[in-house]
Amino acid sequence: MASLKEIKSRINSVNGTLKITSAMKMVASSKLRKAQNAIGNLLPYEQQMHRILRDLLAGNVSGGDRYIAQRPVKKVAIVAFASNSSLCGGFNSTAVRHFMEAVRQYREQGLAPDDFFVFPVGRKMADAVKKAGFKPQGDYTGMADKPSYEETSALAEKLMGMFAEKQVDRVELIYNHCRSTSLQLPVRETYLPVMFERPSVKEGDGAVPDYIVEPSAPQVLEALLPKVLLLKMYAVLLDANAAEHSARTVAMQVATDNGKELLQDLTLQFNKQRQQSITDELLDMAGGQQ
């Protein structure tokens, strides 16, 4: 049985840890609100641009073929998002696991290690990529902490150039989607080639929007498609960033709750042993007087 001094030391240690987890929770919550605001400001614009592009493509407008062309996948680029630090529950392990699952599926299709171009965003993903035997195609750890449209645009333009020049036949994004504060869902989606479903028109719903386009629909499509791809990459980065902060908020809340329960148990144990010690001393004193 632990002595009173040992229990007191553990209580002080737990109290110190609780201060840390509580502070980390508040910081993560603040960052989460900022990330959610950034996503909320971007999404309406990004979704409207996406909708216009989809309608133009559905109208069989020629243009943007270098980003739409479907080719047999012989080389693939993968952009995988994680965080720079830990203490965020299973956020990083989930992202790494889905990245490795994507690699496994492509290996089964006959792709060799040299056929992969991996762009890890976040130190934890970069470490996992190196451990898996791949060479990261650049350092993007800064984007994980402070999402930047300029850095994201540079990455997106590099990927678009690789696809247009046929250096890769597909570009995939792997990240955790922030569905709610307590739920982050792993997502794997194709970034290039661009694929849109033709809008369905039900009876009575009206027709697909017929835009008046100037100077011409192909020219607008050529200018619009890269912008939509840039916005898509930035939206995914913000989404992954919000998922990280939400996962860390939940993890620190769970740690704080567990710490409080442990503190209650230790305090109860300390009081019981202290009471028992006092009782023993009184019995010894009573026995000595007799």
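If you take the square roots of the eigenvalues of the alpha-carbon gyration tensor of segment 36-145 and sort them as a ≥ b ≥ c, do you get rounded (a/c under 1.5), prolate (a/b over b/c) or oblate? List each step's numbers first, then the result.
On the way: a/c = 2.55, a/b = 1.26, b/c = 2.03.
In terms of gyration-tensor shape, oblate.
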For this session: Counting only heavy atoms of the protein chains, get the accessible area per residue of the chain (1.4 Å probe) and round it to a whole Å² value.
Result: 57 Å²
Exercise. Of the chain, which part is the longest with no GluC sites (Glu not before Pro) in a loop (DSSP not H, G, I, E, B) and with at most 16 other C-beta atoms within 10 angstrom?
Worked result: 1-164
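Using helices alone, I'd like the mean residue ellipticity at 222 nm for the chain: each DSSP H run of four-plus residues gives -39500 (n - 2.57), total over residue count, nearest 500. Present the calculation step by step, with values, prior to reporting the outcome.
On the way: 7 runs with 180 residues, N = 290.
So the calculated ellipticity at 222 nm is -22000 deg cm²/dmol.
By its C-alpha gyration tensor, with a ≥ b ≥ c as the square roots of the eigenvalues, how is the chain shaped: rounded for a/c under 1.5, else prolate for a/b larger than b/c, else oblate? Display every interim value, and only then the final one.
On the way: a/c = 3.79, a/b = 2.51, b/c = 1.51.
Taking the square roots of the gyration eigenvalues as a ≥ b ≥ c, the chain is prolate.
Dipole size in debye (nearest 20) for segment 145-193 around its Cα centre, Lys and Arg Cβ +1, Asp and Glu Cβ -1?
200 debye
Contour minus end-to-end for Arg10 and Ser93, with contour as 0.36 nm per residue of separation and end-to-end as the Cα-Cα distance? Present the calculation step by step, with values, prior to reporting the outcome.
On the way: separation 83, 0.36 × 83 = 29.88 nm, distance 3.04 nm.
Gain on extension, Arg10 to Ser93, equals 26.8 nm.
Might you report the magnitude of the Cβ-based charge dipole of the chain about its Cα centre, with Lys and Arg at +1 and Asp and Glu at -1, to the nearest 20 debye? All intermediate terms of the calculation are to be shown ahead of the outcome.
Numbers: 36 positive and 32 negative charges, 124 e Å.
So the magnitude is around 600 debye.
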For this session: Return a whole-number percent for the relative contact order of the chain, with Cα pairs under 8 Å and 6 or more residues apart as the contact set.
Result: 33 percent
Exercise. Near Lys19, within a Cβ-to-Cβ distance under 14 Å, what is the net charge of the other residues, with Lys and Arg +1 and Asp and Glu -1?
Worked result: +2
For this session: Once you have all Cα-Cα distances for segment 1-95, histogram them in 5 Å bins from zero and send the whole-percent values.
Result: 2, 8, 8, 10, 12, 12, 11, 9, 7, 5, 4, 3, 3, 3, 2, 1, 0
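Kindly flag which residue pairs out of Lys124/Lys158; Lys74/Lys124; Lys166/Lys232; Lys8/Lys124; Lys5/Lys31 have an alpha-carbon separation exceeding 32 Å in this structure. Walk me through the intermediate numbers first.
Values: Lys124/Lys158 22 Å; Lys74/Lys124 27 Å; Lys166/Lys232 21 Å; Lys8/Lys124 37 Å; Lys5/Lys31 40 Å.
Those over the limit are Lys8/Lys124; Lys5/Lys31.
Could you please state how large a percent of the accessible area of the chain is carbon and sulfur, counting protein chains only and using a 1.4 Å probe?
Values: 8550 of 16470 Å².
Within the chain, the accessible surface is 52 percent carbon and sulfur.
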For this session: Residues in segment 222-240, backbone N under 19 Å from the label point at Tyr45 (7 Å along the Cα-to-beta-carbon vector): list them, ranges by number please.
Result: 223-240
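Tally Lys/Arg at +1 and Asp/Glu at -1 over every other residue whose Cβ is under 12 Å from the Cβ of Met49; what's the total? Don't skip to the end; give the middle numbers.
Details: positive: Arg51, Arg54, Lys227, Lys232; negative: Glu46, Asp55.
So the surrounding residues net to +2.
The values are calculated or read from the model by the stated rules, or taken from the named source; none is laboratory data. None of these values were measured; they are calculated from a predicted model. Note that we place each Cβ from the backbone using ideal geometry, even for glycine, and neighbour counts take in every protein chain shown. We work out accessible area using only protein heavy atoms, side chains counted, and drop any ligands, DNA or RNA first. Shrake-Rupley method; radii C 1.70, N 1.55, O 1.52, S 1.80 Å.
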